[in-house]
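Asks: Below are the C-alpha cells for one structure; questions will follow.
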Amino acid sequence: MSHYYFDGQGKAFRPMVVLLMSRACNFHHGAAENSLALPSQRRISMIAEMIHTASLVHDDVIDEADTRRGKACVSYLHGQRKAILTGDYILTVSSMALAAIGNKDVVILLSQVIEDLVRGEFMQLGTKEDEDERFAHYLKKTFKKTASLLAHSCRAVAVLSGSSKDVQEVAYQYGKNLGIAFQLVDDMLDFMSTEELMGKPTAADLKLGLATAPVLFAAEKYPELNAMIMRRFSEPGDVELAREAVTKTDSLQQARILAEQYCREAVRQIQQLAPSPEREALVTLTQKVLNRKK
Ligand code: GRG
C-alpha cells in the first residue's frame with residue numbers, strides 16, 4: 001500500500017524544485033565547476049515527496065475521497081484504518097531517512113513542515129466568523145498546508161550547501177512564494193478543470209465546505225455568499241450558487257493576479273543568487289506554475 005503512489009504518476013513538483021534549488025545554491029556557493037546535488041540534498045528531495053505523499057493518503061481519509069491521481073485512493077481500496085497506517089508508515093520511513101542525514105538543523109526544518117501540515121489541516125476544518133479575517137486565515141492555512149513544505153525543504157538544501165543565512169532566507173522565500181502561488185492555482189483549477197484532467201472531482205472544495213480564494217473574492221460582490229461560507233455550503237443549492245457567483249464575477253482573474261504577485265516575489269528572491277541554468281529553471285518554473293492545467 002505504501003508503494004502505491006510511488007508509480008511515477010505524480011508530477012514530482014516538490015523534488016524537482018528541491019533539486020533545482022540545491023544546484024542553484026551549490027553554484028552560488030562556489031561549486032561552479034560541479035554544482036550537482038549532494039547525496040544529502042537528493043535525500044531531502046525524496047523526503048519532501050514522501051511527506052507530501054503521506055499527507056495525501058491522510059487527506060483522502062479526512063475528505064472521504066474516492067480517487068487520487070486518476071486512480072482509486074488507498075482509503076477507498078483498503079479502508080480508512082489501513083490508509084491511516086499507510087500514511088503513518090510513509091511518514092516514519094521519511095523520518096528515518098531524515099535522521100540518517102545527521103544534520104540537526106535540517107531535522108528541525110522538516111519537523112516544522114509536519115507540524116504545519118497538521119495545523120493547516122485543522123485550520124481548514126474551521127471557518128472564521130469575522131468576514132474580514134477570512135482571507136488572512138485562508139492565506140495562513142495555504143502557507144501551512146502547501147507552502148511550508150517547499151519553503152522548509154528549500155531552506156534545508158541551502159543549509160546543506162553550506163550557504164550563508166542570507167542565501168538560506170532567499171531559498172525559503174522562493175519556496176514560500178512559489179508554494180502559495182501553486183495552491184492559489186490549485187484552487188482556481190478546482191473551478192476550471194475537468195475531472196478527467198485533474199484525476200479528482202471538480203468543485204471538490206465547495207463540496208467539502210471549503211471557501212478558497214475564488215469564492216472569497218466572489219463574496220466581495222455577492223455578500224449573500226457569506227452565509228453559505230459560514231454554513232460551509234451545506235444546504236441544497238449552495239454549491240451551485242457559489243459556483244455560479246464565481247463564474248459571473250472576475251474572481252478567478254483576481255486569484256490569478258494574486259498568484260502572479262507571489263510568483264513575481266519568488267522570482268525577485270531567486271534572482272539574488274548567482275546566475276546559473278538552475279536559477280533560470282526556477283524562474284521559468286514560476287510561469288509553469290501559473291499556466292499549469294493539472
Ligand atoms: C501525515 C504529514 C501528514 C499530515 C497530515 C492530512 C494532512 C495532515 C495534511 C494535508 C495536506 C495536503 C493534502 C495539502 C494539499 C497540497 C496539494 C496542493 C496537493 C496536490 O499536490 P500536487 O498537485 O499533487 O503536486 P501530485 O499528485 O502531482 O503530487
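Asks: What are the residues in segment 222-280 that are more than 14 Å from ALA211 (Cα to Cα), buried (at least 20 other Cβ atoms within 10 Å of the Cβ) and hydroxyl-bearing (Ser, Thr, Tyr), if any?
Replies: Selection gives TYR262 alone.
Asks: Suppose the filter is of a type outside the set (Phe, Trp, Tyr), more than 15 Å from the ligand (Cβ to nearest atom) and assigned to a helix (DSSP H, G or I); does LEU252 pass it?
Replies: Criteria met by LEU252.
Asks: Could you figure out which of (1) assigned to a helix (DSSP H, G or I); (2) within 11 Å of the ligand (Cβ to nearest atom); (3) touching a residue at least 40 places away in the same chain (Cβ under 8 Å); (4) surrounded by fewer than 17 Cβ atoms within 10 Å (Cβ to Cβ) isn't true of THR92?
Replies: (3)
Asks: From the set of residues in segment 108-142 that are under 11 Å from HIS152 (Cβ atoms) and β-branched (Val, Ile, Thr), which is nearest to the chain's Cα centre (by Cα)?
Replies: Here the residue is VAL113.
Asks: Just to verify a result, which residue in segment 15-35, among those that are touching a Gly at 6+ places or on another chain (Cβ under 9 Å) and outside any loop (DSSP other than H, G, I, E, B), is nearest to the ligand (Cβ to nearest atom)?
Replies: Among those residues, the one meeting the criterion is VAL17.
Asks: Show the residue pairs meeting these rules: Cβ distance below 6 Å; 6+ apart or different chains; first residue within segment 101-122 and within 18 Å of GLU49 (Cα to Cα); second residue away from the ligand (no atom under 14 Å from the Cβ) and hydroxyl-bearing (Ser, Thr, Tyr).
Replies: ILE101/SER40
Asks: Is there a residue being assigned to a strand (DSSP E or B) and more than 13 Å from the ligand (Cβ to nearest atom) anywhere in segment 62-84?
Replies: yes
Asks: Shifting gears a bit: Please specify each residue of segment 275-294 satisfying the condition of being away from the ligand (no atom under 16 Å from the Cβ) and not acidic (Asp, Glu).
Replies: The answer is PRO275, SER276, PRO277, ARG279, ALA281, LEU282, VAL283, THR284, GLN287.
Asks: Return a yes/no flag: does segment 40-50 have any residue that is in contact with a strand residue (DSSP E or B) (Cβ under 9 Å, 6 or more places away or on another chain), surrounded by fewer than 21 Cβ atoms within 10 Å (Cβ to Cβ) and either more than 22 Å from ASP186 (Cβ to Cβ) or at pLDDT 95 or above (or both).
Replies: No, there is no match, as no residue in segment 40-50 is in contact with a strand residue (DSSP E or B) (Cβ under 9 Å, 6 or more places away or on another chain), surrounded by fewer than 21 Cβ atoms within 10 Å (Cβ to Cβ) and either more than 22 Å from ASP186 (Cβ to Cβ) or at pLDDT 95 or above (or both).
Asks: Need the failing condition index for THR127 against (1) within 28 Å of PRO214 (Cβ to Cβ); (2) free of Cβ contacts under 8 Å to residues at least 12 places away in the same chain, just the number.
Replies: (2)
The values are calculated or read from the model by the stated rules, or taken from the named source; none is laboratory data. All values reported here derive from a predicted model rather than from experimental measurement. Counting neighbours? That spans all protein chains shown, and the Cβs are built from the backbone with ideal geometry, glycine included.
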